[in-house]
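Colleague: Below is the structure I would like to discuss, written out as structure tokens.
Read-outs throughout are calculated quantities, based only on the coordinates presented, and are distinct from any laboratory measurement. Just so it is clear, the model here is predicted, and its values are computed rather than measured. Heads up, the Cβs are rebuilt from the backbone with ideal geometry, glycines too, and the neighbour counts pull from every protein chain shown.
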């Protein structure tokens, strides 16, 4: 397995502010890699450095095992990206915008190729409309089209779900999975919709204040994490007794009325509920916070 | 007393003789003018006017007695307001409007010339003084200086050859005194020029227009429309 | 080379298709027609301020008010309206894309930043050339069609020069070439400022401010201004007028062209240097 992206102690300083501090990570080819961090953590700066929009103050960036500083032109032929929101020339139509990018990439596109591309992103029939008439979601789709038109090996997406409706989010998820699984494309994917990241990413990195705070396989990072579970029952006293005797829940706290909050692993939820039923407790509600969301909050707020 | 009276008598007599001589010269000149009802000629014009750069120009001149005049050519050119080709003959023909006297004699281009002064009899005319250097042998105006109220002094120098009998010159050089043209930079727009500072803006300079005539045709009775129709 | 050609083609399309590009074409057409209308109606009165100085002594014969003179007058506005129209588009070529965000897509393509900024600069020059062609068509050919042709009375602060009609066409050719060079300086300056600044308006306003200040310095014949005038590009922007002098000061014109070319080279070099080092945070 080769390396698609490698950052080696990359630092970026703006006057007296350090936006990215000694950031290092590796993305292997064929991975879908999650890139997470709260607002202002240095995500956008890092992505811009990877795409050559910003020069690092220190450190090295390698894409496809070639230094970005010296092999930029050949690297960029294999990379497609959306940084921040996709922007277009509003006075041109969608198709005219795409034609500019096709020409910039020195591709030869037939009318069929354009049709297929607009079909892929769900904009067929609107390609001759001026981009200024497009909604935000449609621009996101057009941005995807622009990213994919030259069949890149590496796709870098900065919050691509922004502005998409639920169906659009699902379509994007399936598209990325398809590109990865069927075509072996490497995807670096930054998003605030943590459930999406958890669904599709193999590995991830979490950065905070410009530094990496956690990185590795998603399953490995989250397997040790207990879920934050809430169970509502009809008998408060009986519940307290069972919880104190049980080894499933490591902590409990009673919130309002008969709602109990506790930490337990996912695999322990079903047996614990079963135990409550066997003790003649009526279980009114079982719920848990998203695992990644809890993990994210834990490591970024600590 | 008697010598004084004799002296005064001689002066007045000489003046009378000079006045009679000037009238004679003018009468002879006018006779020559009267021979020409109209003429056409080719003219080559050369200009040297302070503040104006203009290349020479070829044209055709048309004249009809007493004072119809036109030069037809392609292009822009300047002619003095007091055009001697137009005005001298008109001025001299009207003998009742002026008095004349020979103020002296001068050798001009090897020819003996009488300097005839023309003084208008009324203050209402444009003319202040006209001075003509007349070749006494060939009865030709070799030089003139005409001073008018509004147009300053205009000097002409003429040379003649084949058509001297008709007082039609081969070459006419016109000199005028003018202030050099100045246009503010804000109007002219030539911001790339640095102004010359030492020149006196009110100083008068001499401008010259040289006209060389050829291929005269005389008394062909061409139509008057030549002077009014548009075109070059 | 192919890659540069493709980028250049893209830039040309973007420049020509932008709505604001048509402002320049419209303004030039309007100004030319307006001046032609004014001269058609009041031409003699307008000319009298020049011929008035000669009125006492000379009559001016011949067709003074002709298409050549009209074109000369219109071209005088080169220093005023043309730089603004050029800067309006060229000052926005880079900063406009930075402000709108399209610069991100542009710079994440294989083409180097140097190629991109050069392509934009050439596109700006092409637009400038188009403006001049339209100006030439309306100012010269339409004026000649309305007013006819003939000798031209060129005004200078030191007097008049009458250029003969059969000696004028090559001068017009040279004048428009020098005008293109002059406006090329404006285009290059605007492009340079566009690379440095991140919004559309500031480069345009800055270019106009520079031209206005330098032009005002050029207008006044003060000893302290005379020292710096040879170094101002606005002084040399109107060197096309020297083609309508007699004799034509060839060394002065060549010197002005060299000064203008040097300005262009300096501005383009700064553009490339700065753009290559710039962090795109927008």
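Colleague: In whole Å, what is the distance between the alpha-carbon centres of the stretch B:35-89 and the stretch C:226-278?
Modeller: 44 Å
Colleague: Right, another one. Given the convex hull over the Cα atoms of the stretch A:3-221, what projected area results after averaging over all orientations, in nm²?
Modeller: The directionally averaged projection comes out at 12.0 nm².
Colleague: If one takes the longest principal axis of the Cα atoms in chain C, at what angle in degrees, from 0 to 90 and to the nearest 10, does the Cα axis of helix C:201-219 lie?
Modeller: The angle comes out at about 30 degrees.
Colleague: Calculate, for residue A:275 and residue A:199, the FRET efficiency according to 1/(1 + (r/R0)^6) with r their C-beta to C-beta distance and R0 41 Å; round to the nearest 0.05.
Modeller: The calculated FRET efficiency here is 0.85.
Colleague: Report the residue, chosen from C:59, C:215, C:108, that carries the largest GNM mean-square fluctuation when chain C is represented by alpha-carbon nodes joined by springs under 10 Å.
Modeller: C:59
Colleague: Further, regarding this structure: Could you work out the helix-only [θ] at 222 nm for the protein assembly as shown, with each DSSP H run of four or more residues adding -39,500 (n - 2.57) and the total divided by the number of residues, to the nearest 500 deg cm²/dmol?
Modeller: -14000 deg cm²/dmol
Colleague: Any idea what % of Cα-Cα pairs in the stretch C:28-107 are farther than 21 Å?
Modeller: That tail contains 53 percent of the Cα-Cα pairs.
Colleague: How do C:121, C:170 line up, fewest other C-beta atoms within 10 Å first?
Modeller: Going from sparsest to densest Cβ surroundings: C:170, C:121.
Colleague: Out of all Cα-Cα pairs in the stretch A:98-210, roughly what percent, to the nearest whole number, are more than 26 Å apart?
Modeller: 21 percent
Colleague: Among C:22, C:225, C:233, which one moves the most in a GNM of chain C with springs linking Cα atoms closer than 10 Å?
Modeller: For chain C, modelled as a Gaussian network with Cα springs under 10 Å, the answer is C:225.
Colleague: Rounded, prolate or oblate: which one fits the stretch C:135-212, using the alpha carbon gyration tensor with axes a ≥ b ≥ c (rounded when a/c is under 1.5, else prolate when a/b beats b/c, else oblate)?
Modeller: Prolate shape, in that a/c is at least 1.5 and a/b is the bigger ratio.
Colleague: Another question about this same structure. On a 0 to 90 degree scale, rounded to 10, what angle separates helix C:21-51 from the longest Cα axis of chain C?
Modeller: Between helix and principal axis, roughly 20 degrees.
Colleague: Could I have the simple spin-label model distance between residue A:178 and residue B:60, label points 7 Å from Cα toward Cβ, reported in nm to one decimal?
Modeller: Those two pseudo-labels are separated by 8.8 nm.
Colleague: Can you sort B:228, A:18 from fewest to most other Cβ atoms within 10 Å of each residue's own Cβ?
Modeller: Result, fewest neighbours first: B:228, A:18.
Colleague: Just A:73, A:265, A:44 to compare: in a GNM of chain A, with alpha carbon springs under 10 Å, which one fluctuates most?
Modeller: Residue with maximal mean-square fluctuation among A:73, A:265, A:44: A:73.
Colleague: Which order do C:1, A:50 fall in if you start with the one that has the fewest other Cβ atoms within 10 Å?
Modeller: C:1, A:50
Colleague: Separate question: Can you give the angle from 0 to 90° between the axis of helix A:94-104 and the longest principal axis of chain A, with both taken from C-alpha atoms, to the nearest 10?
Modeller: With rounding to tens, the tilt is 70 degrees.
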